[in-house]
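Chemist: Structure below; questions to follow.
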Amino acid sequence: MEILGKLFGSTARVKMMRLFLLNPGLVFDASDIVTKSKVTASVARKELSVFQSMGLVKKKMFTKEIPVKPRKNAKKTKGPKKPPVIKKKRVQGWQLDTSFPLLLPLQNILIDTKLVKTEEMRGKFRGAGKLKLIIVSGIFIQNPDSTLDILIVGDSLKKRALESVLRSIEAEIGKELTYALLETKEFMYRLGMYDKFVRDVLDYPHEIIVDKIGV
C-alpha cells in the first residue's frame, strides 16, 4: 500500500508516469521529461525521486545528440543552409524498470482507459480553424497497429495553434502523436478517389470526435 499511496497525487505525476509506461525502451534525461511532459524542472526532479524510490524507474547513462548553437558573432554565409552541428554527450537519464511489481495494474489504470474524453478533445481544438472532421485512432483507442493517431480536416486551419494543441495532448498522454492535417477540399477529393490513406483511416478501427461532413 505504500507504493499505491505514492502513485497518484498530481496531473504532472500522471503525465510523467504515462511517458515512461508508453515508452518502456527509451531513456529520458531531465530536459526530455520537462519538454515532453510540460512540467517544471523542480516538479520533474521531485517526481523522479518518488518514481525511483518505489522502483518504477531506474537511472541509466546514455549518449545523447545535442545540437550546437552557433556563436553570436559567427559570420553568416550565403548559399544553402548548413545542417546544425551535432555533438554527442554522455548524460544521466531514467528508464522504466519493467520488473516493477505493479506494472500491469498501473498500465491498466493509466493506459487502457480513455486517454482524452471526447468533450475535452473538442474543446482543445476550438479557435484553431473551421474544423469539419476529427477522427482519432491508434493510441486513443489502444490500437497499436494503426499508422495514425489523429486526423484533422477543416478550412482556414491555424497550423501553429493546432500543433500547440497536439503538443499539449502529447504531454498529457505521454506519447508522440502521428497526425495529419487536411483542408476539407483535399479530404473530399481523396475520399472520392478512394485514396488509400483516407480509406485506411475510415476502414480500420477509429472514433469520430467531430463530423460536420457526414462521413
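The values are calculated or read from the model by the stated rules, or taken from the named source; none is laboratory data. All values reported here derive from a predicted model rather than from experimental measurement. Using ideal geometry, Cβ is built from the backbone for each residue, glycine included, and neighbour counts are taken over all protein chains shown.
Chemist: Would you call SER53 in a helix (DSSP H, G or I), surrounded by fewer than 14 Cβ atoms within 10 Å (Cβ to Cβ), modelled with pLDDT under 95 and outside the structural domain of ALA171 (by TED's automatic domain parsing)?
Modeler: yes
Chemist: Here's something else I'd like to know. Just to verify a result, which residue in segment 159-180, among those that are surrounded by fewer than 16 Cβ atoms within 10 Å (Cβ to Cβ) and in a loop (DSSP other than H, G, I, E, B), is modelled with the highest pLDDT?
Modeler: Looking at the filtered set, the residue picked out is THR178.
Chemist: Residue by residue through segment 164-185, note down the ones that are among the acidic types (Asp, Glu) and under 11 Å from the mean Cα position of the chain (by Cα).
Modeler: Listed by number, the residues that qualify are GLU170, GLU172, GLU176.
Chemist: So MET121 clears everything in (1) in contact with a Phe, Trp or Tyr (Cβ under 8 Å, 6 or more places away or on another chain); (2) outside any strand (DSSP E or B); (3) surrounded by 19 or more Cβ atoms within 10 Å (Cβ to Cβ) except one condition, right? Which one?
Modeler: Going through (1) in contact with a Phe, Trp or Tyr (Cβ under 8 Å, 6 or more places away or on another chain); (2) outside any strand (DSSP E or B); (3) surrounded by 19 or more Cβ atoms within 10 Å (Cβ to Cβ) one by one, MET121 breaks only (1).
Chemist: Here's a follow-up. Given the conditions (1) surrounded by fewer than 13 Cβ atoms within 10 Å (Cβ to Cβ); (2) at pLDDT 90 or above; (3) of a type outside the set (A, V, I, L, M); (4) closer than 19 Å to ILE109 by Cα, report the number of the one that PHE20 does not fulfil.
Modeler: (1)
Chemist: In this structure, is PHE197 modelled with pLDDT of 90 or more and either in contact with a Leu (Cβ under 7 Å, 6 or more places away or on another chain) or crowded, with 17+ Cβ neighbours inside 10 Å (or both)?
Modeler: no
Chemist: Got at least one residue in segment 141-148 being assigned to a helix (DSSP H, G or I) and surrounded by fewer than 19 Cβ atoms within 10 Å (Cβ to Cβ)?
Modeler: Looking for residues that are assigned to a helix (DSSP H, G or I) and surrounded by fewer than 19 Cβ atoms within 10 Å (Cβ to Cβ), one finds at least one in segment 141-148, hence yes.
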